[in-house]
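Any read-out appearing in this document is the output of simple, stated calculations on the displayed coordinates, not a laboratory observation. Being a predicted model, the structure only gives us computed values, none of them experimental. Here the Cβ positions follow ideal geometry from the backbone for every residue, glycine too, while neighbour counts run over all protein chains shown.
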Amino acid sequence: MRVMVVGSGAREHAVAWALSRSADYSSARPMKERVFCAPGNAGTEGVARNVAVDPQDGTAVVRACQELGIGLVLVGPEGALASGLVDDLEAAGIRAFGPKRAAAMLESSKSFARSFAERHGIPCARTERFTDSASFIRFLDEMRDQRLVLKKSGLASGKGVFESDSREELRRFGESVLASDELLAEEYLVGKELSVFALCDLSDRLLLPVCADHKKAGQGDSGPNTGGMGAVCPVPFADAKLLAKIEHDIVDPTFRGMDSEGLKYRGILFFGIMVTDQGPRLLEYNVRFGDPETQSLLPLLDSNFLDLCTGTAVGRLCSLRPTVSKRIACGVVVAAPGYPGDYPKGLAVNLGRLDAGVEAGLPELDSSVPGADALLFHASTARSPDGTLRTGGGRCFTAVGVGETWETARASAYAAARAVKFEGAWFRPDIGDRYYPG
């Protein structure tokens, strides 16, 4: 079966890489005739065939799938899901991994998602909604002594969240959102964040290993929010007791609510969780694999990834039980200068000692750390006509170390991150330290 991965980020590179390792693809048939990426990046060229298609153009994606004989499409970006790409694919008789537009509103509208959670008794932060500046400013005056979290209701590439105890900063952010969207104001929750992923078909669900994302740009979780500066998997404090609590309080009511409201769902559902002293609280839903969590999660799946995705898409998830490595993964995002603000594109990249591994078309990289493996996933990179590798976004690469211990995984990830060289490249120096201290 031919499979297409829609998107161009490091998440899509990781998904294409995992598909290329599936047992189904062990034949002598060229890999680039089995896995396709639309549009992909310079990294996916090594594990798939790139197709120059805009993920937001449903008609073009459907046409490409028909011309290439694609049997399954995995949709990565939230924008494509929100615009109804899965609706277009299924209308054309093409099997898809991902929710239709109606269910994608769990991510594309934070207002809808919060109302959904409240209707079904799912614990989350106290929330107020605003559509005009006057009522918002009155609310700020009433909440003068409290730290607040403001959220843009619509999609914002992981950067539509702002927290502060400064009334002036909150006012500026809120008014900028209200110029074009609904605004949510939430109580500030204190605790530890978890990323919980569930594969789900129309009747069953399957939880995957828990990850922890690092949203803030600066060391020690300081600075502005980003799309994610790194992730670890698994998370030591997320034991069986805590996960059972999360399932009972958040996951189970979510799926019961989706069923009662007719939100048909085939794909992956992400639960952003804050573990507080009062118990787990829902922060948000995402309707796709997370970035950068996916880059740390997929290398730990020993099962056939294609089987998991196909089983989800065709409704036989109940027959599948994935096996998971007992190793540890640490993913470190290498970002462009200025990110998450304005940043340059097209910077020339030198992968140094790692270049041979990338040129061979595989993200596995020679690791200088004994007992660990290193992988490098590209995000929106491209090759210029002279063959130079160039950046194309704010988060440019995810360097992942996988080891038997936290120390070896972390060391391998940072060795790979340091080997990625372009002007102004930077990364957080403390990914995972909060979860694996000492």
When only Cα pairs under 8 Å and 6 or more residues apart are kept, what is the percent relative contact order across the chain?
17 percent
Going residue by residue through the stretch 319-329, the Karplus relation 6.51 cos²θ - 1.76 cosθ + 1.60 with θ = phi - 60° gives ³J(HN,Hα) values, rounded to whole Hz and with x marking Gly or Pro, of 8, 10, 9, x, 9, 10, 4, 8, 7, 10, 10
A correct Kirkwood calculation over the Cα atoms of the stretch 75-195 returns a hydrodynamic radius in Å of 15.8 Å
Length gained when the stretch Asp239-Ser203 is fully extended (0.36 nm per residue, less Cα-Cα span)
10.4 nm
If every Lys and Arg gets +1 and every Asp and Glu gets -1 at its Cβ, then about the Cα centre the stretch 192-319 yields a dipole, in debye to the nearest 20, of 100 debye
Peptide ranges 390-397, 66-73 listed from the most packed, as the mean C-beta count within 10 angstrom indicates
390-397, 66-73
Leading residue at positive end of dipole, the stretch 165-315 (Cβ point charges), from Gln219, Met258, Leu189:
Gln219
Exposure-ranked with fewest Cβ neighbours within 10 Å first, Asp54, Asp181, Asp132 stand as Asp132, Asp54, Asp181
Fewest Cβ neighbours within 10 Å first, please rank Met1, Met258, Met229, Met143 accordingly.
Met1, Met143, Met258, Met229
Where the convex hull is taken over the Cα atoms of the stretch 216-295, what is its projected area averaged over directions, in nm²?
6.6 nm²
Could you tell me which of the pairs Lys151/Lys241; Lys152/Lys264; Lys192/Lys345 are separated by over 27 angstrom between their Cα atoms in the structure shown?
Lys151/Lys241; Lys192/Lys345
Output the relative contact order of the stretch 62-127, whole-number percent, from Cα pairs under 8 angstrom with separation of 6+ residues.
27 percent
J(HN,Hα) series, the stretch 37-47, from Karplus relation 6.51 cos²θ - 1.76 cosθ + 1.60, nearest Hz, glycine and proline x:
10, 10, x, x, 8, 5, x, 5, 4, x, 10
Fewest to most Cβ atoms within 10 Å: Asp307, Asp259, Asp201 sort as Asp259, Asp307, Asp201
Rh_Kirkwood(the stretch 48-95) over Cα pairs, Å, one decimal, evaluates to 10.8 Å
Lys/Arg +1, Asp/Glu -1 at C-beta; the chain dipole; positive extreme among Gln278, Ile122, Gly311:
Gly311
Max mean-square fluctuation residue, GNM over the chain, Cα-Cα springs under 10 Å, options Ser133, Ser83, Ser111:
Ser133
So how strong a dipole does the chain carry about its Cα centre when Lys and Arg Cβ are +1 and Asp and Glu Cβ are -1, to the nearest 20 debye?
480 debye
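When you have a sec, figure out the Kirkwood radius of the chain from all distinct Cα pair distances and drop it here in Å to one decimal?
22.1 Å
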Most mobile of Glu107, Glu423, Glu142 in a GNM of the chain (Cα contacts under 10 Å):
Glu142
Would you mind working out the magnitude of the charge dipole of the stretch 63-110 relative to its Cα centre, with +1 at each Lys and Arg C-beta and -1 at each Asp and Glu C-beta, to the nearest 20 Debye?
60 debye
Using the Kirkwood radius built from alpha carbon pairs, what does the Stokes-Einstein equation give as D for the stretch 2-101 at 10 °C and 1.306 mPa s, in µm² per second?
121 µm²/s
Express the C-alpha Rg of the stretch 126-187 as a ratio against the empirical globular expectation 2.2 N^0.38 Å, rounded to two decimals.
0.98
Out of all DSSP beta bridges in the chain, what portion is antiparallel? Express it as a percent rounded to 5.
80 percent
